[in-house]
Amino acid sequence: MQCPAPEGLSAYKKPRTTPDDLDLLATAKNHDVKSSMASQGEADDWLFALINLQTMSGYLGAGNHRIARMNGGYSSRPCLGLAPAEGGLGAHWRHDVRRMIELRDRLVAAYRPHYFDPDSGLALLWLEPWDGTDSIRLNELDPYFIEICRRVRLGFQKGRVVGRTATSKKPRIAAAEAKGNLGDHWTPVSVDGKALSLSSAGFRYDRLHRLILDGKLFDLPPAMTVDVSSDEAWRLVARGVAAGQGKTEGYHERTDIIFGRRMTRSLLGGGEERSALARMSRAQIEEINEVTRALGLAIAIAASGGKEAALLNRFDREQAYPFLRRLDSVADGHFFGALQERLDAAERDLSAARRSFARLLIRSASALLREAIETVPCTRIHRFRAQARAASAFWWRLRRPESVFSDQEDIFETSNLEENASAS
(Lines give C-alpha, C1' and ligand atoms only; values in the text may rest on other atoms or scores of the structure.)
Protein backbone atom coordinates (compact mmCIF):
# COMPACT_ATOMS: atom_id res chain seq x y z
CA MET A 1 0.00 0.00 0.00
CA GLN A 2 3.08 2.27 -0.21
CA CYS A 3 4.21 3.11 -3.72
CA PRO A 4 7.89 3.54 -4.67
CA ALA A 5 8.98 7.18 -4.72
CA PRO A 6 11.23 7.72 -7.76
CA GLU A 7 12.19 11.22 -6.64
CA GLY A 8 13.07 10.14 -3.10
CA LEU A 9 11.28 10.80 0.17
CA SER A 10 11.93 14.51 0.49
CA ALA A 11 8.31 15.31 -0.43
CA TYR A 12 6.98 13.13 2.39
CA LYS A 13 6.83 15.92 4.94
CA LYS A 14 3.58 15.64 6.88
CA PRO A 15 4.15 13.51 9.99
CA ARG A 16 1.62 10.91 11.14
CA THR A 17 2.49 9.95 14.69
CA THR A 18 -0.46 7.64 15.47
CA PRO A 19 -2.66 5.35 13.35
CA ASP A 20 -5.71 7.59 13.77
CA ASP A 21 -3.73 10.45 12.21
CA LEU A 22 -3.54 8.32 9.09
CA ASP A 23 -6.94 6.68 9.15
CA LEU A 24 -10.06 7.56 7.19
CA LEU A 25 -11.87 9.25 10.08
CA ALA A 26 -10.74 11.68 12.73
CA THR A 27 -11.10 10.48 16.32
CA ALA A 28 -13.03 13.54 17.54
CA LYS A 29 -14.61 16.79 16.45
CA ASN A 30 -12.36 18.80 18.77
CA HIS A 31 -9.22 18.07 16.77
CA ASP A 32 -7.05 20.61 18.63
CA VAL A 33 -7.49 18.67 21.86
CA LYS A 34 -8.34 15.10 20.94
CA SER A 35 -6.40 14.24 17.80
CA SER A 36 -3.60 11.63 17.84
CA MET A 37 -5.40 9.54 20.45
CA ALA A 38 -4.10 6.08 19.46
CA SER A 39 -0.68 6.61 21.00
CA GLN A 40 -0.31 2.91 21.85
CA GLY A 41 -1.12 1.74 18.34
CA GLU A 42 0.33 -1.61 17.31
CA ALA A 43 1.43 -2.75 13.86
CA ASP A 44 -2.04 -4.06 12.97
CA ASP A 45 -3.60 -0.68 13.87
CA TRP A 46 -1.28 0.98 11.36
CA LEU A 47 -2.06 -1.71 8.80
CA PHE A 48 -5.83 -1.26 9.06
CA ALA A 49 -5.50 2.54 9.01
CA LEU A 50 -3.36 2.36 5.88
CA ILE A 51 -5.77 0.05 4.08
CA ASN A 52 -8.73 2.26 5.04
CA LEU A 53 -6.98 5.36 3.78
CA GLN A 54 -5.85 3.90 0.48
CA THR A 55 -9.05 2.09 -0.50
CA MET A 56 -11.86 4.19 1.05
CA SER A 57 -10.80 7.86 1.16
CA GLY A 58 -12.68 10.79 -0.28
CA TYR A 59 -11.26 14.16 -1.24
CA LEU A 60 -9.54 15.90 1.69
CA GLY A 61 -8.21 19.16 0.36
CA ALA A 62 -5.65 20.12 -2.28
CA GLY A 63 -3.29 17.28 -3.11
CA ASN A 64 -5.31 14.66 -1.17
CA HIS A 65 -7.38 12.97 -3.85
CA ARG A 66 -10.18 10.41 -3.58
CA ILE A 67 -10.36 6.80 -4.65
CA ALA A 68 -11.70 5.96 -8.11
CA ARG A 69 -14.56 3.74 -6.87
CA MET A 70 -16.51 6.70 -5.53
CA ASN A 71 -19.03 9.09 -7.05
CA GLY A 72 -17.37 12.44 -6.33
CA GLY A 73 -14.92 13.60 -3.72
CA TYR A 74 -17.49 13.92 -0.93
CA SER A 75 -19.01 10.51 -1.44
CA SER A 76 -18.06 7.13 0.01
CA ARG A 77 -17.47 3.54 -0.99
CA PRO A 78 -20.41 1.44 0.25
CA CYS A 79 -20.71 -2.31 0.57
CA LEU A 80 -23.91 -4.19 -0.16
CA GLY A 81 -24.06 -7.93 -0.60
CA LEU A 82 -25.37 -11.30 0.55
CA ALA A 83 -23.44 -13.72 2.73
CA PRO A 84 -24.34 -17.26 3.85
CA ALA A 85 -26.45 -16.87 6.98
CA GLU A 86 -24.39 -19.57 8.70
CA GLY A 87 -20.61 -19.84 8.64
CA GLY A 88 -19.38 -16.43 9.74
CA LEU A 89 -16.71 -14.28 8.11
CA GLY A 90 -14.91 -17.18 6.47
CA ALA A 91 -18.00 -18.33 4.59
CA HIS A 92 -18.75 -14.75 3.56
CA TRP A 93 -15.23 -14.21 2.20
CA ARG A 94 -15.12 -17.53 0.34
CA HIS A 95 -18.49 -16.84 -1.26
CA ASP A 96 -17.49 -13.36 -2.43
CA VAL A 97 -14.15 -14.48 -3.86
CA ARG A 98 -15.76 -17.39 -5.66
CA ARG A 99 -18.41 -15.12 -7.17
CA MET A 100 -15.82 -12.56 -8.24
CA ILE A 101 -13.92 -15.26 -10.12
CA GLU A 102 -17.11 -16.54 -11.75
CA LEU A 103 -18.21 -13.04 -12.81
CA ARG A 104 -14.87 -11.73 -14.07
CA ASP A 105 -15.54 -12.34 -17.76
CA ARG A 106 -18.99 -10.75 -17.50
CA LEU A 107 -17.46 -7.67 -15.88
CA VAL A 108 -14.87 -7.33 -18.65
CA ALA A 109 -17.51 -7.68 -21.36
CA ALA A 110 -19.69 -5.02 -19.74
CA TYR A 111 -16.95 -2.36 -19.52
CA ARG A 112 -14.56 -2.90 -22.43
CA PRO A 113 -13.09 -1.41 -24.54
CA HIS A 114 -12.85 1.84 -22.58
CA TYR A 115 -12.16 0.24 -19.19
CA PHE A 116 -9.80 -2.53 -18.10
CA ASP A 117 -7.12 -4.73 -19.60
CA PRO A 118 -7.93 -8.27 -18.41
CA ASP A 119 -4.69 -9.77 -19.75
CA SER A 120 -1.93 -7.43 -18.61
CA GLY A 121 -3.69 -4.69 -16.63
CA LEU A 122 -2.27 -3.32 -13.40
CA ALA A 123 -3.72 -5.06 -10.34
CA LEU A 124 -1.77 -3.86 -7.28
CA LEU A 125 -1.27 -0.17 -7.88
CA TRP A 126 1.22 0.41 -5.07
CA LEU A 127 3.78 -1.64 -7.00
CA GLU A 128 4.04 1.15 -9.59
CA PRO A 129 6.31 4.15 -8.88
CA TRP A 130 4.39 7.39 -8.38
CA ASP A 131 5.73 10.90 -7.97
CA GLY A 132 2.27 12.47 -7.74
CA THR A 133 2.31 14.10 -11.16
CA ASP A 134 0.66 11.46 -13.34
CA SER A 135 -2.45 9.27 -13.35
CA ILE A 136 -3.19 5.75 -14.53
CA ARG A 137 -5.84 5.40 -17.21
CA LEU A 138 -8.79 3.09 -16.74
CA ASN A 139 -7.88 0.96 -19.76
CA GLU A 140 -4.55 0.13 -18.10
CA LEU A 141 -6.16 -1.57 -15.11
CA ASP A 142 -7.08 -5.13 -14.23
CA PRO A 143 -10.85 -5.45 -13.66
CA TYR A 144 -10.26 -6.25 -9.98
CA PHE A 145 -7.48 -3.74 -9.34
CA ILE A 146 -6.72 -2.82 -5.73
CA GLU A 147 -6.01 0.86 -5.66
CA ILE A 148 -4.21 3.44 -3.62
CA CYS A 149 -5.06 7.14 -3.60
CA ARG A 150 -2.35 8.70 -1.38
CA ARG A 151 1.42 8.70 -1.10
CA VAL A 152 2.37 7.24 2.27
CA ARG A 153 5.54 5.92 3.87
CA LEU A 154 5.68 4.09 7.19
CA GLY A 155 8.90 3.65 9.14
CA PHE A 156 10.40 3.35 12.61
CA GLN A 157 11.49 6.12 14.90
CA LYS A 158 12.81 5.38 18.40
CA GLY A 159 11.35 1.90 18.23
CA ARG A 160 7.86 3.06 17.23
CA VAL A 161 6.01 3.02 13.93
CA VAL A 162 5.55 6.50 12.46
CA GLY A 163 4.23 7.65 9.11
CA ARG A 164 4.72 10.47 6.64
CA THR A 165 2.56 11.50 3.73
CA ALA A 166 3.01 13.55 0.57
CA THR A 167 0.45 15.29 -1.60
CA SER A 168 -0.09 14.66 -5.31
CA LYS A 169 -0.92 16.99 -8.16
CA LYS A 170 -3.16 14.41 -9.83
CA PRO A 171 -5.27 11.49 -8.61
CA ARG A 172 -3.69 8.05 -8.94
CA ILE A 173 -6.42 6.97 -11.38
CA ALA A 174 -7.98 9.25 -14.00
CA ALA A 175 -11.58 8.17 -13.40
CA ALA A 176 -13.67 11.29 -12.92
CA GLU A 177 -15.95 10.47 -15.85
CA ALA A 178 -16.79 7.03 -14.42
CA LYS A 179 -18.62 8.55 -11.40
CA GLY A 180 -17.52 5.58 -9.32
CA ASN A 181 -19.12 3.05 -11.68
CA LEU A 182 -16.20 0.66 -12.17
CA GLY A 183 -17.91 -2.67 -11.65
CA ASP A 184 -17.05 -2.88 -7.97
CA HIS A 185 -18.35 -6.16 -6.56
CA TRP A 186 -20.16 -4.52 -3.62
CA THR A 187 -21.21 -1.08 -4.89
CA PRO A 188 -24.81 -0.42 -6.01
CA VAL A 189 -25.02 1.66 -9.20
CA SER A 190 -28.00 3.83 -10.10
CA VAL A 191 -29.81 3.31 -13.37
CA ASP A 192 -28.13 6.48 -14.69
CA GLY A 193 -24.68 5.00 -14.07
CA LYS A 194 -23.56 6.57 -10.77
CA ALA A 195 -22.19 4.71 -7.78
CA LEU A 196 -24.25 4.98 -4.61
CA SER A 197 -23.47 7.88 -2.27
CA LEU A 198 -24.56 6.87 1.21
CA SER A 199 -26.53 9.44 3.23
CA SER A 200 -27.07 9.90 6.95
CA ALA A 201 -30.13 7.64 6.62
CA GLY A 202 -27.71 4.75 6.24
CA PHE A 203 -29.48 1.46 5.56
CA ARG A 204 -32.90 2.08 7.04
CA TYR A 205 -35.80 0.03 5.72
CA ASP A 206 -36.96 2.75 3.29
CA ARG A 207 -33.43 3.21 1.94
CA LEU A 208 -33.01 -0.53 1.47
CA HIS A 209 -36.35 -0.64 -0.31
CA ARG A 210 -35.02 1.81 -2.89
CA LEU A 211 -31.68 0.02 -3.13
CA ILE A 212 -32.66 -3.63 -3.45
CA LEU A 213 -36.43 -4.00 -3.77
CA ASP A 214 -37.79 -1.21 -5.92
CA GLY A 215 -35.69 -2.01 -9.00
CA LYS A 216 -36.31 1.42 -10.55
CA LEU A 217 -33.44 3.41 -9.07
CA PHE A 218 -30.50 1.02 -8.57
CA ASP A 219 -29.15 -2.17 -10.08
CA LEU A 220 -28.16 -4.86 -7.62
CA PRO A 221 -24.37 -5.15 -7.16
CA PRO A 222 -22.72 -8.44 -8.18
CA ALA A 223 -22.31 -9.38 -4.51
CA MET A 224 -26.09 -9.76 -4.31
CA THR A 225 -26.35 -12.27 -7.14
CA VAL A 226 -26.46 -15.72 -5.54
CA ASP A 227 -27.70 -19.18 -6.43
CA VAL A 228 -31.44 -19.20 -5.74
CA SER A 229 -31.91 -22.90 -6.47
CA SER A 230 -30.72 -24.05 -3.04
CA ASP A 231 -32.53 -23.84 0.30
CA GLU A 232 -29.73 -21.77 1.83
CA ALA A 233 -30.61 -18.67 3.85
CA TRP A 234 -28.70 -15.46 3.17
CA ARG A 235 -27.67 -12.59 5.38
CA LEU A 236 -27.75 -9.05 4.03
CA VAL A 237 -24.44 -7.28 4.62
CA ALA A 238 -24.62 -3.50 4.26
CA ARG A 239 -21.78 -1.21 5.35
CA GLY A 240 -20.52 2.27 4.58
CA VAL A 241 -19.50 5.69 5.82
CA ALA A 242 -21.84 8.59 5.05
CA ALA A 243 -19.51 11.40 4.03
CA GLY A 244 -19.89 15.08 3.27
CA GLN A 245 -17.88 18.21 2.70
CA GLY A 246 -15.67 18.60 5.74
CA LYS A 247 -17.72 16.13 7.79
CA THR A 248 -18.94 12.58 8.12
CA GLU A 249 -22.46 11.48 9.00
CA GLY A 250 -21.61 8.21 10.64
CA TYR A 251 -20.55 4.68 9.91
CA HIS A 252 -23.60 2.58 9.06
CA GLU A 253 -23.81 -1.20 9.15
CA ARG A 254 -26.56 -3.81 8.97
CA THR A 255 -26.14 -7.56 9.27
CA ASP A 256 -29.41 -8.35 11.06
CA ILE A 257 -31.58 -9.14 8.03
CA ILE A 258 -31.92 -12.79 6.98
CA PHE A 259 -33.51 -13.74 3.66
CA GLY A 260 -35.11 -17.17 3.39
CA ARG A 261 -35.38 -19.14 0.15
CA ARG A 262 -38.66 -17.59 -0.99
CA MET A 263 -37.50 -14.07 -0.22
CA THR A 264 -34.18 -14.59 -2.01
CA ARG A 265 -35.87 -16.09 -5.06
CA SER A 266 -38.37 -13.23 -5.27
CA LEU A 267 -35.64 -10.62 -4.82
CA LEU A 268 -33.26 -12.03 -7.42
CA GLY A 269 -35.64 -13.77 -9.76
CA GLY A 270 -36.77 -10.58 -11.46
CA GLY A 271 -40.00 -10.22 -13.37
CA GLU A 272 -43.35 -10.46 -11.61
CA GLU A 273 -41.92 -12.09 -8.48
CA ARG A 274 -39.71 -9.12 -7.73
CA SER A 275 -42.47 -6.68 -8.68
CA ALA A 276 -44.86 -8.38 -6.24
CA LEU A 277 -42.24 -8.19 -3.49
CA ALA A 278 -41.67 -4.50 -4.21
CA ARG A 279 -45.44 -3.85 -3.99
CA MET A 280 -45.61 -5.56 -0.61
CA SER A 281 -42.66 -3.49 0.60
CA ARG A 282 -44.27 -0.26 -0.58
CA ALA A 283 -47.51 -1.22 1.18
CA GLN A 284 -45.61 -1.71 4.45
CA ILE A 285 -43.90 1.67 4.04
CA GLU A 286 -47.29 3.31 3.47
CA GLU A 287 -48.58 1.71 6.66
CA ILE A 288 -45.56 2.99 8.61
CA ASN A 289 -46.09 6.46 7.17
CA GLU A 290 -49.77 6.39 8.11
CA VAL A 291 -49.02 5.57 11.74
CA THR A 292 -46.14 8.06 11.80
CA ARG A 293 -48.36 10.88 10.57
CA ALA A 294 -51.05 10.02 13.10
CA LEU A 295 -48.55 10.00 15.96
CA GLY A 296 -46.93 13.24 14.83
CA LEU A 297 -50.28 15.01 14.61
CA ALA A 298 -51.40 13.76 18.00
CA ILE A 299 -48.22 14.79 19.82
CA ALA A 300 -48.23 18.21 18.16
CA ILE A 301 -51.81 18.73 19.39
CA ALA A 302 -50.77 17.65 22.88
CA ALA A 303 -47.84 20.07 22.87
CA SER A 304 -50.06 22.92 21.67
CA GLY A 305 -52.48 22.52 24.55
CA GLY A 306 -55.18 21.03 22.34
CA LYS A 307 -55.29 23.41 19.37
CA GLU A 308 -56.97 22.55 16.10
CA ALA A 309 -54.67 20.95 13.54
CA ALA A 310 -54.77 24.02 11.28
CA LEU A 311 -53.39 26.18 14.12
CA LEU A 312 -50.36 24.07 14.97
CA ASN A 313 -47.00 25.81 14.61
CA ARG A 314 -43.49 24.59 13.97
CA PHE A 315 -42.61 24.36 17.67
CA ASP A 316 -45.63 22.13 18.32
CA ARG A 317 -44.69 19.75 15.53
CA GLU A 318 -41.04 19.60 16.55
CA GLN A 319 -42.01 18.12 19.91
CA ALA A 320 -42.98 14.92 18.11
CA TYR A 321 -39.61 14.33 16.42
CA PRO A 322 -37.92 12.29 19.20
CA PHE A 323 -40.95 10.02 19.47
CA LEU A 324 -41.22 9.61 15.70
CA ARG A 325 -37.58 8.52 15.56
CA ARG A 326 -38.30 5.87 18.17
CA LEU A 327 -41.30 4.63 16.21
CA ASP A 328 -39.15 4.51 13.10
CA SER A 329 -36.61 2.36 14.95
CA VAL A 330 -39.36 -0.10 15.86
CA ALA A 331 -40.51 -0.24 12.25
CA ASP A 332 -36.94 -0.63 11.03
CA GLY A 333 -36.24 -3.56 13.32
CA HIS A 334 -39.33 -5.49 12.21
CA PHE A 335 -39.69 -4.42 8.60
CA PHE A 336 -37.98 -7.27 6.76
CA GLY A 337 -39.24 -9.96 9.12
CA ALA A 338 -42.77 -8.70 8.51
CA LEU A 339 -42.15 -8.51 4.78
CA GLN A 340 -40.97 -12.11 4.71
CA GLU A 341 -44.02 -13.15 6.73
CA ARG A 342 -46.26 -11.27 4.30
CA LEU A 343 -44.54 -12.93 1.33
CA ASP A 344 -44.89 -16.41 2.83
CA ALA A 345 -48.58 -15.76 3.60
CA ALA A 346 -49.40 -14.32 0.19
CA GLU A 347 -50.98 -17.55 -1.00
CA ARG A 348 -52.76 -18.29 2.31
CA ASP A 349 -53.82 -15.36 4.46
CA LEU A 350 -52.17 -12.08 3.51
CA SER A 351 -54.60 -10.09 5.66
CA ALA A 352 -53.40 -11.88 8.81
CA ALA A 353 -49.76 -11.01 8.12
CA ARG A 354 -50.71 -7.44 7.35
CA ARG A 355 -52.79 -7.22 10.53
CA SER A 356 -49.88 -8.46 12.66
CA PHE A 357 -47.52 -5.75 11.43
CA ALA A 358 -50.15 -3.01 11.68
CA ARG A 359 -50.96 -3.93 15.27
CA LEU A 360 -47.29 -3.86 16.16
CA LEU A 361 -46.95 -0.35 14.75
CA ILE A 362 -50.13 0.97 16.33
CA ARG A 363 -49.38 -0.53 19.76
CA SER A 364 -45.91 1.04 19.68
CA ALA A 365 -47.27 4.40 18.55
CA SER A 366 -50.02 4.29 21.19
CA ALA A 367 -47.46 3.69 23.94
CA LEU A 368 -45.30 6.53 22.64
CA LEU A 369 -48.32 8.82 22.55
CA ARG A 370 -49.14 8.05 26.19
CA GLU A 371 -45.56 8.86 27.13
CA ALA A 372 -45.53 12.04 25.05
CA ILE A 373 -48.79 13.31 26.53
CA GLU A 374 -47.20 13.16 29.98
CA THR A 375 -43.86 14.70 29.02
CA VAL A 376 -44.12 17.25 26.20
CA PRO A 377 -44.26 20.93 27.26
CA CYS A 378 -47.86 22.04 27.71
CA THR A 379 -49.62 24.69 29.80
CA ARG A 380 -51.02 22.92 32.86
CA ILE A 381 -54.45 24.43 32.58
CA HIS A 382 -54.82 23.00 29.08
CA ARG A 383 -53.29 19.56 29.73
CA PHE A 384 -56.54 17.57 30.12
CA ARG A 385 -57.98 19.13 26.98
CA ALA A 386 -54.71 18.42 25.18
CA GLN A 387 -54.72 14.77 26.26
CA ALA A 388 -58.26 14.18 25.10
CA ARG A 389 -57.86 15.90 21.76
CA ALA A 390 -54.49 14.25 21.07
CA ALA A 391 -55.87 10.75 21.61
CA SER A 392 -58.95 11.57 19.54
CA ALA A 393 -56.82 12.90 16.67
CA PHE A 394 -54.59 9.82 16.74
CA TRP A 395 -57.41 7.34 16.36
CA TRP A 396 -59.36 9.52 13.94
CA ARG A 397 -56.36 9.77 11.65
CA LEU A 398 -55.86 6.00 11.60
CA ARG A 399 -59.55 5.16 11.04
CA ARG A 400 -60.60 7.88 8.63
CA PRO A 401 -61.88 6.71 5.22
CA GLU A 402 -58.65 7.82 3.49
CA SER A 403 -56.42 5.75 5.79
CA VAL A 404 -54.53 2.78 4.37
CA PHE A 405 -56.18 0.74 7.13
CA SER A 406 -59.74 1.65 6.09
CA ASP A 407 -60.18 -1.65 4.27
CA GLN A 408 -59.22 -3.75 7.29
CA GLU A 409 -61.25 -2.58 10.29
CA ASP A 410 -60.47 -5.73 12.28
CA ILE A 411 -57.02 -4.29 12.92
CA PHE A 412 -58.76 -2.12 15.51
CA GLU A 413 -61.71 -4.26 16.51
CA THR A 414 -59.80 -7.27 17.81
CA SER A 415 -56.72 -5.66 19.33
CA ASN A 416 -58.21 -3.54 22.15
CA LEU A 417 -55.90 -0.75 21.07
CA GLU A 418 -58.43 1.99 21.73
CA GLU A 419 -59.21 0.64 25.21
CA ASN A 420 -55.52 0.71 26.05
CA ALA A 421 -55.28 4.29 24.82
CA SER A 422 -58.35 5.35 26.81
CA ALA A 423 -56.86 3.85 29.95
CA SER A 424 -53.95 6.24 29.67
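Overall, the range 289-348 carries a charge dipole of about 240 debye about its Cα centre when +1 sits on the Cβ of Lys and Arg and -1 on the Cβ of Asp and Glu, all other atoms neutral.
Extension gain, Q40 to S229: 0.36 nm times the residue separation minus the Cα-Cα distance gives 63.1 nm. Near the amide H of M70, within less than 5 Å, lie the amide hydrogens of G180, all on another chain or at least 5 residues away, with H placed in the peptide plane. Charges at C-beta only: +1 for Lys and Arg, -1 for Asp and Glu. How large is the resulting dipole of the range 15-170 about its Cα centre, in Debye rounded to 20? The calculation lands at about 380 debye.
In the range 45-145, the C-alpha radius of gyration followed by the widest Cα-Cα span (Dmax) gives 15.8, 47 angstrom.
Out of every Cα-Cα pair in the range 84-231, what percent are more than 20 Å apart? Considering the range 84-231, 62 percent of its Cα-Cα pairs are separated by more than 20 Å.
With the cut-off at 19 Å, tell me which of the pairs K194/K216; K169/K194; K14/K169 have Cα atoms farther apart than that. Pairs exceeding 19 Å: K169/K194. Phi angles of the range 272-278 translate, via the Karplus equation with coefficients 6.51, -1.76, 1.60 and θ = phi - 60°, into HN-Hα couplings of 5, 4, 5, 4, 5, 5, 5 Hz per residue; Gly and Pro are given as x. Residue-wise HN-Hα couplings along the range 13-25, as the Karplus relation 6.51 cos²θ - 1.76 cosθ + 1.60 with θ = phi - 60° gives them from phi, are 9, 7, x, 10, 8, 9, x, 6, 5, 8, 5, 5, 10 Hz; Gly and Pro carry x.
In the chain, a dipole from Cβ-located charges (positive for Lys and Arg, negative for Asp and Glu) runs towards its positive end, and of G305, A109, L217 it is G305 whose Cα lies farthest in that direction. For the chain, the calculated P(r) over all alpha carbon pairs, in 10 Å bins from 0 to the bin holding the longest distance, is 4, 18, 23, 21, 17, 12, 5, 1 percent. Let a ≥ b ≥ c be the square roots of the eigenvalues of the Cα gyration tensor of the range 166-271; is it rounded (a/c under 1.5), or, if not, prolate (a/b larger than b/c) or oblate? Prolate shape, in that a/c is at least 1.5 and a/b is the bigger ratio. Subtracting the Cα-Cα distance of N52 and F156 from 0.36 nm times their residue separation leaves 35.4 nm of extension gain. Note on Y321 and L89: their simple-model spin labels are 3.8 nm apart, each label 7 Å out from Cα toward Cβ.
Per residue, the convex hull spanned by the Cα atoms of the range 40-89 amounts to 125 cubic angstrom.
Under 5 Å between amide hydrogens, built in the peptide plane, is the criterion, and for I173 it picks out I136 among residues at least 5 positions away or on other chains. Label separation (Q408 vs E308): 3.4 nm, computed from points 7 Å beyond Cα along the C-beta direction.
Split the accessible area of the chain by element, probe 1.4 Å, and carbon with sulfur accounts for 51%. Evaluated with a Cβ-only charge set (Lys, Arg +1; Asp, Glu -1), the chain carries a dipole of roughly 1320 debye about its Cα centre, given to the nearest 20.
With R₀ set to 45 Å, the beta-carbon distance separating E273 from T133 gives a calculated FRET efficiency near 0.30. Given axes a ≥ b ≥ c from the Cα gyration tensor, I'd like to know whether the range 307-421 is rounded (a/c under 1.5), prolate (a/b larger than b/c) or oblate. Judged from the Cα gyration tensor, the range 307-421 comes out prolate (a/c at least 1.5, a/b above b/c). Working note: Karplus 6.51/-1.76/1.60 with θ = phi - 60° gives the range 182-198 the couplings 10, x, 4, 4, 10, 9, x, 10, 5, 5, 9, x, 10, 5, 4, 10, 6 Hz, where Gly and Pro are set to x. Using C-alpha pairs under 8 Å with a sequence gap of at least 6, the mean separation divided by the residue count of the range 76-221 gives a relative contact order of 22 percent.
Over the chain, accessible surface divided per residue gives 50 Å², non-protein components excluded, 1.4 Å probe. Simple spin-label estimate for A110 and R265 gives 2.5 nm between the two label positions (7 Å along the Cα-to-Cβ direction from each Cα). In terms of overall dimensions, the C-alpha atoms belonging to the range 278-347 reach 47, 20, 15 Å along their principal axes, ordered largest to smallest. Distance from the alpha carbon centroid of the range 113-161 to that of the range 182-196 works out to 21 angstrom.
The values are calculated or read from the model by the stated rules, or taken from the named source; none is laboratory data. These figures come from a predicted structure and were not determined experimentally. Note that each Cβ is placed from the backbone with ideal geometry, even for glycine, and that neighbours are counted across all protein chains shown. For accessibility, only protein heavy atoms count, side chains too; no ligands or nucleic acids. Shrake-Rupley method; radii C 1.70, N 1.55, O 1.52, S 1.80 Å.
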